[in-house]
Amino acid sequence: MESAAYAGRRAAEARLLHPRLSQRNDSVKLVVFGLTISSSWGNGHATLWRGLCRALSRRGHSVVFFEKDVPYYASQRDFVAIPGLKLVLYGSFDDIRRRAEDELSDCDVGVVTSYCPDAAAAARAVLDSPARLKAYYDLDTGVTLDAEERGQPAPYAIPGGLADFDLALSYVGGSALSGLRARLGARKVFPLYGSVDPETHRPHVEPGARRFALSYLGTYAADRQPLLENLFLRPASLRPACEFILGGSMYPGEFPWRPNIHYREHVPPPEHSRFYCSSRLTLNITRESMARRGYCPSGRLFEAAACGVPVLSDWWDGLDQFFAPGSEILVARGAEEAVAALELGDSELASLARNARDRVLECHTADSRALELEGILASALHPPVPKGSDTIELTCESGRRIWGIVPAAGVGSRIQPLAFSKELLPVGSRIENGAERPRAVSEFLLERMDVGGATHICFVVSPGKDDIMSYYGGRYGRAHLSYVVQQRPAGLCDAIFQALPLIGDDDLVCVGLPDTIWFPEEGYRLLPDHVLSFLCFRVDRPEHFDAVVTGEGDRVKEIQVKKPGAVSNWVWGAFKMPGRTLRQLYRLWIERQRGDEYFGTLVNAFIDRGGKARAVLAGDSYVDVGTLHGYRAAVNQLARRPRDGSYQ
């Protein structure tokens, strides 16, 4: 039986579904050319695709999966039929070329994945087809980028790179997204992380069964071996009275086994739950090529947590975006910390396991990923463009991407009751096809981001705010829109950092509040690109805002957050920074135990550490529309401003 948290998550997902994919008569057909879905032996692709295909089928979509029939998978085939999925096994691509062309002729999305044995031929078939969307899904991004950096493209690499594909999906986020753009020419890149099917992976109780101290499930990989030595083999040597178990294929004959380590060569997915639950604690180890780039949760990580088993993991940048260290997951950087984890009491481990399972069922199921994929495909298949935005630019003049982050997860308690998201509160109007129509308050911010050169805009929303996605769709002006869900309201800092996995170090980031209206419209262009900078406005009551105190020149000395008797009448209304600065702020926020609810207090700590911030005192007028008084002020201000022919 599913938990209340999981049931709530499923209901929220149904509300969050992008409206253009919410009707059964608008179901999507995907044609995939991949490594394997029929056999889970020696790979992580099959389990991911099985869960994702089941979830897509539940939502009314269909998948045709082309897989080369090779002996090593044929001898270990553990596939079970999935509704909505057609599996096509073939000997040579020439044998199914006509079948592939037929399937692609009426599909919505054609997909080629990493490690596809016939990648070049499959890519040509997809790119030459009338499929509405051509996509590449790299489930091995670290391996791909390592090979490119060595000047020796991976054997599955697409000749000519990814520039001809409409979008690329990546199993890894963070800096890897920039790598796919820079190294392979990908135009639009989205992370689509691993997931778990909780119907397959769930707690398994077997009375009287042997109980191991630590388990590890994973195929052998040379770049995992140093961590496996430190976090598994050495602890086994240090605790000879404890029994350990390792499952996975391709371990070499010279592997340094210990007497107290049990081994299973292949553990098929139906037996994963029993394997994980046979131990007090299970180990997750990330391949070095993935861990170096961060934001790389393996499917095994989610599987073990879904089974209700506490997880011990190596550390990589972004891990805390998926699980909270100390309360949902344990982290070890060496054998001593691994042994310390083994010595934790049953009650502490049980608490970790409960918390991690709740987090997985809430955020990391195959249904969650299917929902994310729907949003990505919907924005690409149905990209509405406002009038006057005929040209779509994906980079700014310097070739860099510019991200706008719109924190829109708040409930708007100061201006309730409303029957819709506060970001859609009508304020002013616009002229569209000769007719005057109401204008949502958040459009003012998006317009300013568009004027500032934004190529991508990310809305951070809360579950249930699907009306924002319905209103804006997949594009505004020149910018592609993305939507990230903030599951729990936890302040502005937490909201902003939800978008971090999408943003590369070399990107620019613009942040603003969607329930404010400010002038001049070109405010973001007035801010420098190379440093954290604030667009500041003079107000009469700075104690209601974040007052910006400056020193010599335009240097920011302090942000006084809603402080009575603030010494400055200048408050920030928007800010801009390089992507790497956003990442520095995030790391500082984590170091400070996520204690900063307000962005101003985090900036103060950043400045105390030697960080630099500038104030640009160029704001003309600023109104917070989140209160009834502010709403009236905004209406009056707009009424006094002349029309420009499109907006008021």
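The values are calculated or read from the model by the stated rules, or taken from the named source; none is laboratory data. The structure displayed is predicted, hence computed values, not measured ones. Reconstructed Cβ throughout: ideal geometry from the backbone, glycine too, with neighbour counts over all protein chains shown. Accessible surface areas use protein heavy atoms only, side chains included; no ligands, DNA or RNA. Shrake-Rupley method; radii C 1.70, N 1.55, O 1.52, S 1.80 Å.
A few notes on this one:
- Selection from the range 28-69 of residues that are touching a residue at least 60 places away in the same chain (Cβ under 8 Å) and within 18 Å of Ile96 (Cβ to Cβ): Lys29, Leu30, Val31, Val32, Phe33, Gly34, Leu35
- Test: residue in the range 252-262 that is in contact with a strand residue (DSSP E or B) (Cβ under 6 Å, 6 or more places away or on another chain), more than 30 Å from Arg580 (Cα to Cα) and surrounded by 19 or more Cβ atoms within 10 Å (Cβ to Cβ): yes
- Listed by first and then second residue, the pairs linking a residue in the range 205-219 that is at negative phi to a residue that is open to solvent by 90 Å² or more (accessible area, probe 1.4 Å) and not in a strand (DSSP E or B), with Cβ atoms under 8 Å apart and 6 or more places separating them unless they lie on different chains, are Glu206/Arg274; Thr219/Met250.
- The lone exception for Ala634 - which of (1) part of a strand (DSSP E or B); (2) modelled with pLDDT under 95 it fails: (1)
- Filter result (part of a loop (DSSP other than H, G, I, E, B) and more than 18 Å from the chain's Cα centre (by Cα)) within the range 287-306: Arg287
- Filtered residue count, the range 309-322, keeping only those that are part of a loop (DSSP other than H, G, I, E, B) and at pLDDT 90 or above: 5
- The listed residues are Arg97, Arg124, Arg58, and the only one of them that is farther than 14 Å from Phe33 by Cβ and either out of contact with any Pro (no Cβ under 6 Å at 6 or more places or on another chain) or open to solvent by 20 Å² or more (accessible area, probe 1.4 Å) (or both) turns out to be Arg58.
- The condition of being open to solvent by less than 20 Å² (accessible area, probe 1.4 Å) and in a helix (DSSP H, G or I) holds for Gly179.
- Subset of the range 193-216 that is surrounded by fewer than 22 Cβ atoms within 10 Å (Cβ to Cβ) and of a type in the set (A, V, I, L, M, F, W, C) - its residue that is modelled with the lowest pLDDT: Ala209
- In the range 191-240, residue farthest from Ser278 (Cα to Cα) [restricted to those that are assigned to a helix (DSSP H, G or I) and hydrophobic (A, V, I, L, M, F, W, C)]: Ala222
Condition check ((1) hydroxyl-bearing (Ser, Thr, Tyr); (2) assigned to a helix (DSSP H, G or I); (3) surrounded by fewer than 23 Cβ atoms within 10 Å (Cβ to Cβ)) across all residues:
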| residue | (1), (2), (3) |
| --- | --- |
| Glu423 | no, yes, no |
| Pro438 | no, no, yes |
| Leu446 | no, yes, no |
| Asp467 | no, yes, yes |
| Tyr471 | yes, yes, yes |
| Val484 | no, no, yes |
| Gln487 | no, no, yes |
| Leu492 | no, yes, yes |
| Ala495 | no, yes, no |
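- Top-ranked residue in the range 323-362 [being in a loop (DSSP other than H, G, I, E, B) and surrounded by fewer than 18 Cβ atoms within 10 Å (Cβ to Cβ); ranked as modelled with the lowest pLDDT]: Ala324
- Residue match in the range 241-248 (condition: touching a residue at least 12 places away in the same chain (Cβ under 8 Å) and within 22 Å of Gly142 (Cβ to Cβ)): yes
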